[in-house]
Amino acid sequence: MIRITLAGATGWVGRALVAAIAAAPDLTLAAAVSRAAAGRDAGEAAGTGPCGVTISATLAEALAVPSDVVIDYTKPHVVKGHVLEALAAGRSVVVGTSGLGADDYAEIAAAATLADRGVIAAGNFSITATLLKRFALEAARYVPDVEVIDYAHAGKPDTPSGTGRELGEMLAAVRLQGTSKAVEDLSGIRETRGGAVGTPRPVQVHSVRMPSFVLSCEAIFGAPDERLVIRHDAGSSAAPYVGGTLLAARKAPDVKGLVRGLDTLL
């Protein structure tokens, strides 16, 4: 039985995970974190009925309860601290929160190696979003010009999305030299070309934030007289992220160091 500490237990994905963990025969919810719902039963706060786990206000409090894996679906400004805190406490970690960059992950990788624990992080734990990345990386071997657009609701606090950032970084590592004019050679408002993500051949990533979008991401490839668009659209439910997150939680105790992307587990 794998014991889970869930940070962000009353969030959009967190609530769905409380129910899914309760239904899984090989998983158990050992502790939960939500500052806004501290002191409440995690199942009641998630709308699934009492589960006997009292929500803690901080991860430090929750880590006082023995567990094997910390799943984090909190906020961009706290997730790195949570990961480092969990590793120091001897836990493996699954990172579902977006907002971390390459430098953050380099620090996490070093901490995971030092702790001899595993961290599995993905910009998106949806199976179809994982396939978007898989197909886009294959296309990048043949079409050199590619850009990424990510879409989200107006209140999303980080840009680009975790999906867009991860996709941009992965594409930048494998893409061929593009033909588009370098941003530094442009006139006008250069910021309209988006943000450069990844190395050694950065990919321009554009973030759209407005009502009516949940989460969407597309990779646009351009060649003379033809285009290819590979796109993932998420619905209003958190269900697509639950299966991939629990897969990662089951794999995390056997991982050492940092693993980026759900596709590495499929």
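Here are the numbers:
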item: Selection count, region 254-263, where residues are under 14 Å from the mean Cα position of the chain (by Cα) and not in a loop (DSSP other than H, G, I, E, B); result: 5
item: Single unsatisfied condition, residue 115 versus (1) farther than 23 Å from residue 243 by Cα; (2) modelled with pLDDT of 95 or more; (3) under 19 Å from the mean Cα position of the chain (by Cα); result: (3)
item: Counted residues, region 67-102 - those being within 17 Å of residue 163 (Cα to Cα) and among the acidic types (Asp, Glu); result: 1
item: Cβ-Cβ under 8 Å pairs, at least 6 apart or on other chains, region 144-168 side among the basic types (Lys, Arg), far side surrounded by fewer than 19 Cβ atoms within 10 Å (Cβ to Cβ); result: 156/209; 165/101
item: Some residue of region 128-140 being assigned to a loop (DSSP other than H, G, I, E, B), modelled with pLDDT of 95 or more and farther than 14 Å from residue 206 by Cβ; result: yes
item: Some residue of region 142-164 being among the charged types (D, E, K, R), within 16 Å of the chain's Cα centre (by Cα) and at pLDDT 95 or above; result: yes
item: Residue within region 151-160 that is closer than 16 Å to residue 233 by Cβ and in a strand (DSSP E or B) present; result: yes
item: Of the criteria (1) assigned to a helix (DSSP H, G or I); (2) under 13 Å from the mean Cα position of the chain (by Cα); (3) within 17 Å of residue 2 (Cβ to Cβ), which one residue 86 fails; result: (2)
item: Options 125, 135: the member that is surrounded by 18 or more Cβ atoms within 10 Å (Cβ to Cβ) and of a type in the set (Phe, Trp, Tyr); result: 125
item: Criterion violated by residue 98 - all others in (1) buried (at least 24 other Cβ atoms within 10 Å of the Cβ); (2) assigned to a helix (DSSP H, G or I) satisfied; result: (2)
item: Residue within region 28-44 that is crowded, with 23+ Cβ neighbours inside 10 Å, polar (S, T, N, Q) and in contact (Cβ under 8 Å) with a residue 24 or more places away in the chain present; result: yes
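One line per residue, one yes/no per condition, for (1) polar (S, T, N, Q); (2) more than 24 Å from residue 210 (Cβ to Cβ):
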{"residue": "131", "(1), (2)": "no, yes"}
{"residue": "137", "(1), (2)": "no, yes"}
{"residue": "142", "(1), (2)": "no, yes"}
{"residue": "164", "(1), (2)": "no, no"}
{"residue": "173", "(1), (2)": "no, yes"}
{"residue": "176", "(1), (2)": "no, yes"}
{"residue": "179", "(1), (2)": "yes, yes"}
{"residue": "184", "(1), (2)": "no, yes"}
{"residue": "187", "(1), (2)": "yes, yes"}
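The values are calculated or read from the model by the stated rules, or taken from the named source; none is laboratory data. Note that this is a predicted model, so its numbers are computed, not measured. FYI the Cβ positions are ideal-geometry reconstructions off the backbone, even for glycines, and counts take in every protein chain you see.
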